[in-house]
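Below is one structure; the comments refer to it alone.
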Amino acid sequence: MEFEPQLGPGETADVRLAPLQPEQWQHLKPGDVVTMHETQPAAGIAEIIEVLPPRA
């Protein structure tokens, strides 16, 4: 479901978060929870399940 255009209320999916400033996300580890603030109110929450190094 990673490429679905949107989720309905209460639905869940795996997504990839690509931070604009990766250096500010270096502290995150699997199990951490972040709030997605693209919209007001917050768009949702995400639990980190995997951390990959930034692409060069």
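The values are calculated or read from the model by the stated rules, or taken from the named source; none is laboratory data. Quick caveat, the model's predicted, so the values are computed rather than measured. FYI the Cβ positions are ideal-geometry reconstructions off the backbone, even for glycines, and counts take in every protein chain you see. Heads up: the accessible areas ignore ligands, DNA and RNA and are worked out on the full protein's heavy atoms, side chains in. Shrake-Rupley method; radii C 1.70, N 1.55, O 1.52, S 1.80 Å.
Using the charge dipole of the chain (Lys, Arg: +1 at Cβ; Asp, Glu: -1 at Cβ; taken about the Cα centre), state which of Gly10, Pro54, His37 has its Cα farthest towards the positive end.
After comparing all options, I get Pro54.
Can you work out the accessible area per residue across the chain, with the rest of the protein chains kept in place, probe 1.4 Å, in square angstrom? Each step should come with its number before you reach the end.
Numbers: 5360 Å² over 56 residues.
Computed with neighbouring chains in place, this is 96 Å² per residue.
Would you mind listing how long the chain runs along its three principal axes, going by Cα atoms, in whole Å with the largest first?
Answer, in whole Å and largest first: 33, 24, 22 Å.
Just Pro30, Pro41, Pro22 to compare: in a GNM of the chain, with alpha carbon springs under 10 Å, which one fluctuates most?
Pro41
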